[in-house]
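All remarks here apply to the structure that follows.
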Ligand SMILES: [Ca+2]
Ligand SMILES: [Ca+2]
């Protein structure tokens with residue numbers, strides 16, 4: 001695991017270079033830039049999937065039977081690590097909230113130049129739905145993309161992502177990417193958290209079973225807030 005972690009840090013350094021070039025080239029283009037950035041995020045996801053595959057990561061290795069057995073053991077449990085953003089050990093208190101010295105929040109990989117920031121429930125009048133902390137999908141300043149690979153996902157099975165989201169200003173969107181494909185673009189409710197549900201199929205797209213959550217919209221230090229992110233297998237009637 002430590003090896004994987006080191007890899008991510010190195011890779012995000014490389015991604016940062018690409019991101020700066022893109023951002024500079026599109027300065028002043030406005031909302032059009034957001035669409036191009038979306039493509040960049042998808043390309044990034046695809047790149048990461050290729051690397052995952054090269055290292056035998058993602059599907060977790062082992063035979064299909066092993067994978068199915070591990071997935072069965074998970075049942076319909078939540079497979080997202082730190083989906084409520086309540087693991088705050090080591091984060092730095094900046095007054096407005098918490099940030100990470102290495103740009104990374106426990107359980108999540110950061111795929112954007114800007115690292116994610118945590119804000120306390122009640123910030124800008126928005127109450128979180130679970131615990132004390134929410135995640136702001138815009139850093140200081142720039143939109144944030146975070147992601148993690150869903151463990152032991154089996155091809156063809158359905159995994160339901162739920163998250164709560166809100167926007168204090170009404171100008172932000174959230175894109176959910178699964179296996180390198182955009183599966184949902186959310187315009188969060190303004191001023192109050194709402195629940196959003198997206199069904200995703202194991203092995204879809206690039207087969208990485210990696211979910212990315214990406215902040216979109218004008219980069220103005222005001223991002224969408226998310227809380228209580230969960231991905232669980234949908235129990236289906238036995239088809240055998
Ligand atoms: Ca929380
Ligand atoms: Ca914004």
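The values are calculated or read from the model by the stated rules, or taken from the named source; none is laboratory data. As the structure is a computational prediction, the values presented were derived from the model and not from experiment. Cβ sites come from the backbone with ideal geometry, for glycine too, and all protein chains shown count toward neighbours.
Structure values in brief
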| item | result |
| --- | --- |
| Selection count, region 188-197, where residues are within 16 Å of ligand 2 (Cβ to nearest atom) and either within 16 Å of the chain's Cα centre (by Cα) or at pLDDT below 95 (or both) | 1 |
| Hits in region 198-238 - residues which are away from ligand 1 (no atom under 16 Å from the Cβ), over 26 Å from residue 72 (Cα atoms) and within 12 Å of the chain's Cα centre (by Cα) | 214, 215 |
| Test for residue 109: is it out of contact with any strand residue (DSSP E or B) (no Cβ under 7 Å at 6 or more places or on another chain), away from ligand 2 (no atom under 16 Å from the Cβ), under 30 Å from residue 234 (Cβ atoms) and in contact (Cβ under 8 Å) with a residue 40 or more places away in the chain | no |
| Close pairs from region 219-240: first on the phi > 0 side of the Ramachandran plot and modelled with pLDDT of 95 or more, partner within 16 Å of ligand 1 (Cβ to nearest atom) and part of a loop (DSSP other than H, G, I, E, B), Cβ under 9 Å, at least 6 apart | 228/83; 228/84; 228/85; 228/128; 228/129; 228/130; 228/131; 228/193 |
| Residue within region 71-87 that is part of a strand (DSSP E or B) and at pLDDT 90 or above present | yes |
| Failed criterion for residue 133 (all others in (1) buried (at least 21 other Cβ atoms within 10 Å of the Cβ); (2) within 14 Å of ligand 2 (Cβ to nearest atom) hold) | (2) |
| Among the candidates 145, 185, residue that is surrounded by fewer than 20 Cβ atoms within 10 Å (Cβ to Cβ), modelled with pLDDT of 95 or more and under 15 Å from residue 212 (Cβ atoms) | 185 |
| Residues satisfying the stated conditions in region 130-141, i.e. at pLDDT 95 or above and either within 12 Å of residue 218 (Cα to Cα) or more than 7 Å from ligand 1 (Cβ to nearest atom) (or both) | 135, 136, 137, 138 |
| Of the criteria (1) more than 16 Å from ligand 1 (Cβ to nearest atom); (2) surrounded by fewer than 17 Cβ atoms within 10 Å (Cβ to Cβ), which one residue 112 fails | (2) |
